[in-house]
Amino acid sequence: MAAAVVILASIFIVFFPKPDAEIMMAEYSIQAYCPRTAGASAPISSLDEVSQICCAHPQVELAPTRLDELTALSADPIVAYYLGHYFLERGEFENATTYLQKSLTLKEELSASYNFFRTYQENSLQFNLILANWGSGESKENTQKALEDFISQQNPKGDLL
């Protein structure tokens with residue numbers, strides 16, 4: 001899985017869109033982990049319920065009051081994880097940046113509480129954060145540097161696997 005992230009990031013650098021091109025983050029971003037879905041009676045911090053905001057097809061449209069409820073619970077790293085992906089998919093890049101960064105800050109807690117959160121998920125969060133920063137107005141040069149740094153961290157030899 002880590003190899004897939006490195007390859008995707010490498011391809012992204014090679015075929016970097018023109019600065020004035022429409023940014024379609026859903027085409028580049030790595031999807032959130034989607035477990036089986038559960039009934040609405042599941043506790044709000046449970047993986048099954050909170051994942052539905054990203055994993056339902058079509059994606060859940062959160063009512064403002066529901067969004068407020070979730071953002072109030074974003075100290076829970078799994079809620080922050082899914083909110084970051086939710087906002088990235090919707091093109092709300094500043095909000096995506098906030099919650100993806102929060103997820104990375106809480107990665108130790110995520111790893112301890114959720115066995116799906118391994119190196120691949122951390123790498124995908126880092127990659128998606130680069131995209132969200134770019135969508136928020138980060139320059140092409142800074143984005144390209146961040147991607148190159150990301151690739152070199154994942155693959156220090158510089159091979160494309």
Verdict on Leu110 being assigned to a helix (DSSP H, G or I), closer than 14 Å to Cys54 by Cβ and either touching a strand residue (DSSP E or B) at 6+ places or on another chain (Cβ under 9 Å) or of a type in the set (A, V, I, L, M, F, W, C) (or both): no
Segment 102-144 - residue that is farther than 19 Å from Pro77 by Cα and out of contact with any Ser or Thr (no Cβ under 9 Å at 6 or more places or on another chain) and, of those, most open to solvent (accessible area, probe 1.4 Å): Glu141
Single match in Thr97, Thr71 (criterion: within 21 Å of Gln31 (Cβ to Cβ) and of a type in the set (Ser, Thr, Tyr)): Thr97
Residue pairs meeting the criteria (Cβ under 6 Å; at least 6 apart or on separate chains; first aliphatic (A, V, I, L, M), in segment 48-72; second in a loop (DSSP other than H, G, I, E, B)): Ile53/Val60
Residues of segment 48-99 satisfying the condition of being aromatic (Phe, Trp, Tyr) and in contact with a His (Cβ under 9 Å, 6 or more places away or on another chain): Tyr99
Residue satisfying all of: in segment 145-158; part of a helix (DSSP H, G or I), without any contact (Cβ under 8 Å) to a residue 60 or more places away in the chain and not charged (D, E, K, R); least open to solvent (accessible area, probe 1.4 Å) among these: Ala146
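The values are calculated or read from the model by the stated rules, or taken from the named source; none is laboratory data. Everything quoted here is computed from the prediction, not taken from an experiment. We place every Cβ from the backbone using ideal geometry, glycine too, and count neighbours over all the protein chains shown. Heads up: the accessible areas ignore ligands, DNA and RNA and are worked out on the full protein's heavy atoms, side chains in. Shrake-Rupley method; radii C 1.70, N 1.55, O 1.52, S 1.80 Å.
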